[in-house]
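What follows is a short report on a single structure.
The values are calculated or read from the model by the stated rules, or taken from the named source; none is laboratory data. These figures come from a predicted structure and were not determined experimentally. Cβ: placed from backbone, ideal geometry, glycine included. Neighbour counts: every protein chain shown. Accessible surface areas use protein heavy atoms only, side chains included; no ligands, DNA or RNA. Shrake-Rupley method; radii C 1.70, N 1.55, O 1.52, S 1.80 Å.
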Amino acid sequence: MNKAFVRDAEPTVERCPRCGSIGQPVGSVTLDAFIRAEDRSQLGESANFCPSETCPVAYFDAFERLVTHNQLAKPSFPKDPDAPICGCFGLTREDIEADVREGVATRTRALLERAKSSEAHCSHMSANGQSCVPAVQRYFMKCRNR
């Protein structure tokens, strides 16, 4: 059959079974780093991270199996607002708020530079397996616009 008439499969968007947020796909490296060993078997090799701050679900899969933030091996942002926004380098909301209060972005800029380096290990230091840079920038702007 001519490929011009064959429709490519659309990527599936998986939503959190509790809150409906669009999941952020994560692999086994992230899951192994964040889910306690006794709970890890609840999910397969890959799953999705629920980015909602208020939803108790941390990870879920296509079969609606889930792991809540209470089952995580360590605190993770945004599920725990007191956890560092940056798991690799420990930048916290308080650090960003201090930068805004002081009228400088010293801590925030230093983090943004370090995040580009080989020192960053987002796949197993960040609950969503991604760089913290977008979250740091969003929070900085939110604080600045208050």
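Taking the conditions exactly as written (closer than 20 Å to Glu14 by Cα and polar (S, T, N, Q)), does Thr54 satisfy them or not?
Judged against the criteria, Thr54 is a match.
With respect to the numbered conditions (1) at pLDDT below 95; (2) among the hydrophobic types (A, V, I, L, M, F, W, C); (3) open to solvent by less than 20 Å² (accessible area, probe 1.4 Å), which one is the sole condition not fulfilled by Val13?
Val13 satisfies every listed condition except (3).
Confirm whether Glu97 is touching a residue at least 40 places away in the same chain (Cβ under 8 Å) and within 24 Å of Arg146 (Cα to Cα).
So Glu97 fits the description; yes.
Determine whether region 114-125 contains at least one residue that is open to solvent by less than 20 Å² (accessible area, probe 1.4 Å) and either closer than 20 Å to Pro51 by Cβ or at pLDDT below 95 (or both).
Scanning region 114-125, I find no residue that is open to solvent by less than 20 Å² (accessible area, probe 1.4 Å) and either closer than 20 Å to Pro51 by Cβ or at pLDDT below 95 (or both), so the answer is no.
When region 16-53 is examined, which residues are found to be in contact with a His (Cβ under 8 Å, 6 or more places away or on another chain) and surrounded by fewer than 20 Cβ atoms within 10 Å (Cβ to Cβ)?
Val29, Asp32
Only residues that are open to solvent by 30 Å² or more (accessible area, probe 1.4 Å) and within 14 Å of Thr92 (Cα to Cα): list them for region 102-113, please. Steps first, please.
Step one: of region 102-113, the residues open to solvent by 30 Å² or more (accessible area, probe 1.4 Å) are 102-104, 106-107, 109-110, 112-113.
Result: Thr106, Arg107, Arg109, Ala110, Leu112.
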